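Readers should treat all values here as calculations from the given coordinates under stated rules, not as data from a laboratory. All figures in this text were calculated on a predicted structure; none of them were measured in a lab. Positions of Cβ are backbone-derived with ideal geometry, glycine not excepted, and every protein chain shown enters the neighbour counts.
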Amino acid sequence: MKILPAALAVGMLSLAACSSQTKDTTTSATGDPVGLKAVVINDALPYSTKNGDAWTGLAVDVLKAIQKEQSEENATTELSYVEVGSVSEAKDALTNGTANIVCGVGFSWKRSRQINYTLPFAVGGMRLLTTEGVDGTPESMKGKQIGVITGSIPANLVESQLPEADAKGFDSPDAALKALKDGEIATIAGGALWSKANMAEVPGSRMVPVRPYGRAGVGCAVTHGNDALLASGNLAIGQLLQGYIDGDEESTRIINSSIGPDSPVGLEADKIAAYYNSVLGTVAGIGKDE
């Protein structure tokens, strides 16, 4: 199956704006593939987490699918990880060429001027993970402290939609979650899927409000000029989504283990499939190239 140029991806998680590049960093000066150099953040469930020397999570599985697609189209493509501790470091890694792709990030119209987004493979919005008796509405959060990951889309949403709350910045999701566990803060603003995936880590916590702030999708991002990598990413993600809809065993395992019925997130399979159908409906064409 080939996915022709994608239309729009709508976004959720976080990535600070990156400067554009005109060179396709997926190939060397001789035209040979230089591999996937992927930005990852530890304990950013359900997207990426490190167990020993191995990385797992939905974003990692998507990266492996892109690696497989690139290897089939060119030659064997290596996948390496550039571990960062903050959104700012993720931006720097893409800007200076240390990395050429990041997955598990949300679309932003402003940031799309500097980076290109693939098709989304998840959807969510900002929700609050809290141990307090609040309902998450602006009224209930007046004067309340909310932990945010500096530079993230949820941090921007707190600033614009919860202006009377007191935002406390953290460099990484793991640092914010630790502060919540330790009782340093009582509420964190994060992506809905991240909040759900980590709720069990904080006894007595819950997610509010019922309806997320800002509905958005999650995909991968590459700097401008990486057209070959962007195309491979769209094709690999499109095949993954179509495989899930069709009941493909591997595609189903990848999605369900991270965000589906078999995961802490616990999304229903039919709702995931319905969303994937809507995503694939935005592409120019689906079918085998002749």
Checking Ile115 against (1) in contact with a Cys (Cβ under 6 Å, 6 or more places away or on another chain); (2) within 14 Å of Ala216 (Cβ to Cβ); (3) hydrophobic (A, V, I, L, M, F, W, C), only one condition comes out false. Which one? (2)
Inter-residue pairs, beta-carbon under 8 Å, first on the phi > 0 side of the Ramachandran plot and in the stretch 217-239, second of a type in the set (Asp, Glu), 6+ apart: Gly225/Asp24
Filter the stretch 104-115 down to the residues that are of a type outside the set (D, E, K, R), within 19 Å of Gly225 (Cβ to Cβ) and surrounded by fewer than 22 Cβ atoms within 10 Å (Cβ to Cβ) and list them by number. Ser112, Gln114
